[in-house]
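This report refers to the structure that appears directly beneath it.
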Number of protein chains: 2
Amino acid sequence: MADYDVIVIGGGAAGMSAAITAHDRGARVMLFDGETKLGGSTALSGGWFFAAGTSVQRAAGIVGDSPEAMFDYYAQVNQWRIDPPVVRRLCDEAAAALEWLISLGVVFPVKNLTRSGMETVARGHQPDGRGAEIAQMLERAVRARPIDIALGNRVERLLSDGVIARGETATANALVIATGGFGQNREMLRRLYPTAPEDSSSMSAPGSQGDGITMAAAHGATITGHDTGLLIPSASIANGTIEHAGWAMFVNRHGRRFIDESSYHSVLSLAIRAEGGFCFAVFDEATRRGAPPDGSFGDLLGDHDVGDDRMAAWSGAAARASNVDDLAHAIGVPPHVLRGTVARAAPHHALRTVPFYAVRITPGLVALTACGLTIDAEARVLDEAGEPIPAWFAAGETTGNVVGDMYIASGNSLANCLVYGRIAGDNAARYR
Amino acid sequence: MADYDVIVIGGGAAGMSAAITAHDRGARVMLFDGETKLGGSTALSGGWFFAAGTSVQRAAGIVGDSPEAMFDYYAQVNQWRIDPPVVRRLCDEAAAALEWLISLGVVFPVKNLTRSGMETVARGHQPDGRGAEIAQMLERAVRARPIDIALGNRVERLLSDGVIARGETATANALVIATGGFGQNREMLRRLYPTAPEDSSSMSAPGSQGDGITMAAAHGATITGHDTGLLIPSASIANGTIEHAGWAMFVNRHGRRFIDESSYHSVLSLAIRAEGGFCFAVFDEATRRGAPPDGSFGDLLGDHDVGDDRMAAWSGAAARASNVDDLAHAIGVPPHVLRGTVARAAPHHALRTVPFYAVRITPGLVALTACGLTIDAEARVLDEAGEPIPAWFAAGETTGNVVGDMYIASGNSLANCLVYGRIAGDNAARYR
């Protein structure tokens, strides 16, 4: 007899959802995580959860939203490059997964409901406590159950009937692989997400080393979703995310505007990629002093002076000039073009008070990776021939055919964790 | 006094719409075309016209469709990389342009109304006589008016107040540039649409040399929409378009399915591009004999024998084998993967009767180019600084910021010709 019915590898939202569900179906469950605490990248995330037909929507007076409409939106913004049955099940079960989180104590206030892009209804659900609240309530549910938890135990190898961690073998009838993405693994980023710049930073938890992807691939699992994920545009002068878009005008390498700067991150990043991989945020002194604080811009923004030495230290990433022509020269765009762009700028983007600034923006912050294991709509891990590897399941950021090229800001990554975490736990528990 | 109020360059749908409209606003109009007949690429096209809120839709019982919904769809499938005010006006005025065509004698039968992709309502309007019917009715309207027509007169140069054709100058107060795309110009394809394969063929009229784009750029007009257009997937064994998609299974270079084969051409082409630029249509002998005729597959399809010599002549582009493993070897995909894909194929894609076939598919046929002159929502041609070049207008395939990267199969290119042709004619006539 195996040590456990189900071993879950990874203690983020996907792994904890799988562990709870498998336990509640009667399985004996063991949960491994290489870090010393539960929560993974979920605990660091914004906590956005994409779902249609929820009680929160109904409380907001939204009626008639449906998984069908959610699926249509998903397919369109990804230009149909999705895995239809897998995405369809995500849409079908997202609302139930959200209600389950609510039953575990997560609060999704009506006031936080938001639309992203051109969704006809608001499908973005967020707790006031962001991703940390979701992680916390899942952890509470895990710890309230007789689930064995091994923290600080990084699984080194998968076996067909178990795992090896710290040199010791634990056996199980079924495995759930939920080790997250590979945002912290430079070699994997280089190979599987080449669009991420070589000097990108990552928002993921330190354990996002792609372990599950690498270990399962060694057993013949198929990796899909090459070069997809979510990159967040970032000023190159400091590590950090651009939190408040829209206050500055973005111009491309020709000196022209090319996108609505208040678009969501994935839209901006794909647009910047289409423009050659970088652009410039252009603004004036009054805007700099009044701009919201933003980690990505370091201490450039705010109502204080910025010395020439400071600007010199940012040379190549930021420029300052006393007129538009000099600014254009400093960033290598044609002055007459930038002059025209500035002349037509919207009032809140106008350059009025000297000096003027230009800061180079690149999609430089890896928010999540979307390349990984291929699953079917039962969360089964597929081999190269497309056949399920017996009793292996996967969910969340470890998967490569759920989120797609165009991350949906309403939160399709957390929906992936919860929906496929629950499906994985449910199906794994059948092997008891 | 100038020879004319308005000179229109190009006699396709955009140019003829502009000429008729300018005349009807009281202008003296001259129309040039380098070819010996009117109609341009429109006359060769399918005649699909994308519009929302039309009398044809109402006759079909479709109510409540709107330019807003059409715009949302447009933006989403192009991942928001569009010029919002320009696309917005296209959507706002598409229905009026369609009704105008109807008033000129074009018949859009209710039975031809179709949806493309995931449109919630049918917005694709098509005459039984396809694009030729539209060209014919526009020509009738042009010839019913005192509009001077110079066929076989390729304009060689634009002047700020006229044109030079065959060495002779004609002057005008305003110009409308409507010379179509550059599908027949290899040098421009290489430079402005590099995704089009070096050996691509083109569906455009022979006059699609990009003349207007080149001539206006020489005066400082901005070219936008780099590397966009509509490529149609094509079997490499003959020139011609794949008319009836969906009868064969498509697999990528790894031997896996990756897209719904019945998706529309632009979706297929972008998906094939994301898979490395090629894929394979895989089918069995019974399917080959029963497949609809398709120019792109030459004489491979149909209820006749195909000799080994014929297959040998297609070597590298098509393969035949007596089992899946040999077929996989012949096209360089892993046999165990292709075996799995074939095992899971839908019934109509199953490989049952030997021999089996694989035909290489590339986005090899240029249906239209979408890179060109930048216009504003008044059809004015913009210079590099984004300012209108005085009294110059453009419409149709000559423009670079209307159609976008994801052509919409319901017909946004013809909508561009008609909507911006009419706007250009209307605004040009003010210079009388």
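The values are calculated or read from the model by the stated rules, or taken from the named source; none is laboratory data. Just so you know, these numbers come straight off a predicted model, no measurement behind them. Please note: Cβ atoms are built from the backbone with ideal geometry, for glycine as well, and neighbour counts cover all protein chains shown. Keep in mind that these areas ignore ligands, DNA and RNA; they rest on the heavy atoms of the full protein, side chains included. Shrake-Rupley method; radii C 1.70, N 1.55, O 1.52, S 1.80 Å.
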- [ ] Quick one: angle between helix A:412-428 and the longest Cα principal axis of chain A, in degrees between 0 and 90, rounded to 10, please.
- [x] 10
- [ ] List the trypsin sites (Lys or Arg not before Pro) within the range A:341-383 that fall in a DSSP loop (any state other than H, G, I, E or B) and whose Cβ has at most 16 other Cβ atoms within 10 Å.
- [x] A:R344, A:R352
TODO: Put a label point 7 Å from Cα along the Cβ direction on A:R289, then list its distances to the equivalent points in the other copies in nm, shortest first.
DONE: 8.5
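If I take all pairs of Cα atoms in the protein assembly as shown, what percentage of them are more than 53 Å from each other? Don't skip to the end; give the middle numbers.
Working: 69271 of 372816 pairs.
I get 19 percent for the Cα pairs in the protein assembly as shown exceeding 53 Å.
Quick one: in the range A:79-194, what % of C-alpha pairs are over 26 Å apart?
Numbers: 3060 of 6670 pairs.
Result: 46 percent of Cα pairs exceed 26 Å.
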TODO: Roll a 1.4 angstrom probe over the protein heavy atoms and tell me the percent of accessible area of the protein assembly as shown that is carbon or sulfur.
DONE: 51
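Give the residue list of GluC sites (Glu not before Pro) in the range B:142-232 that are DSSP loop and have at most 15 other beta-carbon atoms within 10 angstrom.
Numbers: sites: B:E156, B:E168, B:E187, B:E198; in loops: B:E198.
Sites meeting the loop and neighbour criteria: B:E198.
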Open item on the list: Using a Gaussian network model on chain A with a 10 Å cutoff between Cα atoms, which of A:R166, A:R88, A:R130 fluctuates the most?
Closed with: A:R166
Task: the range A:415-432-the range A:292-371 distance, computed between alpha-carbon centres (Å) - done: 47
- [ ] State the Cα centre-to-centre distance between the range A:64-100 and the range B:1-78 in whole Å.
- [x] 37
Task: Axis-proximal residue, chain A, for the rotation superposing A on B (Cβ, Å) - done: A:Q76, 2
Task: Most to least accessible of A:R143, A:R422, A:R432 (protein chains only, probe 1.4 Å) - done: A:R432, A:R143, A:R422
Task: Inter-label distance for B:D303 and A:A132, nm, one decimal - labels placed 7 Å from Cα along Cα-to-Cβ - done: 7.3
- [ ] Place the label 7 angstrom along Cα→C-beta at A:T169 and in each other copy, then list the distances from the first to the rest in nm, shortest first.
- [x] 9.2
- [ ] With runs of 4+ DSSP H residues as the only contributors, calculate the mean residue ellipticity of chain A at 222 nm using -39,500 (n - 2.57) per run, divided by the residue total and rounded to the nearest 500.
- [x] -9000 deg cm²/dmol
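Output the relative contact order of the range B:231-365, whole-number percent, from Cα pairs under 8 angstrom with separation of 6+ residues.
Numbers: 277 pairs, mean separation 51.8, N = 135.
It rounds to 38 percent for the range B:231-365.
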Task: Summed buried accessible area for A+B [probe radius 1.4 Å, Å², rounded to 100] - done: 2700
Task: Solvent exposure ordering (accessible area, 1.4 Å, most first) of B:D3, B:D33, B:D383 - done: B:D3, B:D383, B:D33
Task: Exam field: B:K111 pseudo-label spacings to other copies (7 Å along Cα-Cβ), nanometres - done: 5.9
Task: Helix A:13-24 axis, angle to chain A major axis (alpha carbon atoms, nearest 10°) - done: 20
- [ ] Output the peptides A:328-335, A:304-311, A:254-261, B:402-409 sorted from most to least packed, where packing is the average of other Cβ atoms within 10 Å over each peptide's residues.
- [x] B:402-409, A:254-261, A:328-335, A:304-311
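Cβ under 14 Å from A:C91's Cβ, A:C91 left aside: what net charge do those residues give with Lys, Arg +1 and Asp, Glu -1? Working shown, then result.
Values: positive: A:R88, A:R89, A:R123; negative: A:D65, A:E68, A:D72, A:D83, A:D92, A:E93, A:E119.
With Lys, Arg at +1 and Asp, Glu at -1, the neighbours total -4.
Which GluC sites (Glu not before Pro) in the range B:338-425 pass both tests, a DSSP loop state and at most 15 other beta-carbon atoms within 10 Å? Could the numbers behind the result be given before it?
Numbers: sites: B:E378, B:E384, B:E397; in loops: B:E378, B:E384.
Here the GluC sites (Glu not before Pro) that fit, given the DSSP loop and packing criteria, are B:E378.
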Task: Shape metrics for the range B:231-365, restricted to C-alpha atoms - Rg then Dmax, Å - done: 13.3, 35
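Mind giving me the FRET efficiency for A:A238 and A:A286? R0 is 25 Å, r the Cβ-Cβ distance, nearest 0.05 is fine.
Values: r = 22 Å, r/R0 = 0.87.
According to the calculation, E is roughly 0.70.
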- [ ] Can you figure out the FRET efficiency of A:A217 with B:S55, using R₀ = 60 Å and their beta-carbon distance, to the nearest 0.05?
- [x] 0.55
- [ ] Any chance you could check the Cα centroid distance between the range B:211-229 and the range A:137-208 for me, in angstrom?
- [x] 51
- [ ] From other protein chains only, count the Cβ atoms within 10 Å of every residue's Cβ in B:380-387, then give the mean.
- [x] 5
Task: Counted charge near A:G152, where neighbours are those whose Cβ lies closer than 10 Å (Asp, Glu -1; Lys, Arg +1) - done: +1
Task: Residues along the range A:39-80 losing 20 Å² or more of accessible surface when the other protein chains are present rather than the chain by itself (probe 1.4 Å) - done: A:D72, A:Q76, A:V77, A:Q79, A:W80
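Ignoring ligands, DNA and RNA, what accessible area per residue does chain B give at 1.4 Å, in Å²?
Values: 15610 Å² over 432 residues.
Here the per-residue accessible area is 36 Å².
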Task: Highest-fluctuation residue, A:A370, A:A196, A:A317 considered, GNM on chain A with Cα pairs under 10 Å - done: A:A317
Task: Reachable aspartates and glutamates from A:K111, criterion Cα separation under 20 angstrom, eight or more residues apart if same chain - done: A:D65, A:E99, A:E119, A:D128, A:E133, A:E243
Task: Sites A:H329 and A:R140 - FRET efficiency at Förster radius 45 Å, r taken between beta-carbons, to 0.05 - done: 0.20
TODO: Could you state how much accessible area B:T120 has, in square angstrom rounded to the nearest 10, with a 1.4 Å probe and all protein chains kept in place?
DONE: 100
